[in-house]
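Quick notes on the structure that follows.
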Amino acid sequence: MNKSFITNFLALIAIVIGYIVANNIIFTIGLFALSGAITNWLAIHMLFERVPFLYGSGVIPARFEDFKIAIRALMMEQFFTEENIDRFLAGSDNPATVIDLAPVINKVDLSPAFDNLVSVVEQSSFGGMLAMVGGTEALQPMREPFIEKMRASVIEISQSEEFNAILREELEQPSIMAGMRDKVSDIIEKRLNELTPQLVKEIVQKMIHEHLGWLVVWGGVFGGVIGFIAAITTKF
């Protein structure tokens, strides 16, 4: 059951009991607890919803653009700094820094490489000999085996430590680093532009809903304590 509802309900019960049995202490405890719980509940409600005539309510939807700017600044200034990117790329012992190019290479069409090889052979001193055995058509059965061997060789080279060291060194160049940060910034910007005030409100509510409920509980508890102190001190 909702913690806020339970807190308000118990405080209300205390008020009713205190009134019925004419017990000023119980009545005051319940009254202060209810006021504390309701005040905190209203404050939480005002974070997400606009309340007529209450200035400052609906602060999260109202400050939506500032919220997006703050997220972008946090990402770029804390996570995607040049120092962090450089540290990540320099960590050769970190498996994550070894860039696996195999999926990319597997998608690349290597047919032009074979065509260039055939063209080189045709224009070389072996061209005349090649013409005697059927010309370039005689080499066509070698196309697929050549492409597979070429692909395997390129993948093997791309997975070597020497290649990865050179790649990391090039990526650490200031111009490349700046370009990477700009691209990351653009990606974050595009994703943030997809957010709406309602979506931001739901995200924040989901993240802190449980903890906000405890604010109402503690508001009731401290309100009850203050009510108890107020009740016993008024007797003196």
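The values are calculated or read from the model by the stated rules, or taken from the named source; none is laboratory data. Keep in mind the model is a prediction, meaning the values are calculated, not measured. So basically every Cβ, Gly included, is an ideal-geometry build from the backbone, and we count neighbours across all protein chains shown. What goes into the accessible areas is simple: the full protein's heavy atoms, side chains included, and nothing from ligands, DNA or RNA. Shrake-Rupley method; radii C 1.70, N 1.55, O 1.52, S 1.80 Å.
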**Item:** Cα→Cβ-extended label distance, 7 Å offset, between residue 77 and residue 193, nm
**Value:** 2.3 nm
**Asked** Taking 0.36 nm per residue of separation and subtracting the Cα-Cα distance, what length does fully extending residue 186 through residue 117 add?
**Response** 20.8 nm
**Accessible area in square angstrom per residue, region 1-74, 1.4 angstrom probe** = 66 Å²
**Request:** Please give the solvent-accessible surface of residue 21 in Å², to the nearest 10, using a probe radius of 1.4 Å with every protein chain present.
**Result:** 80 Å²
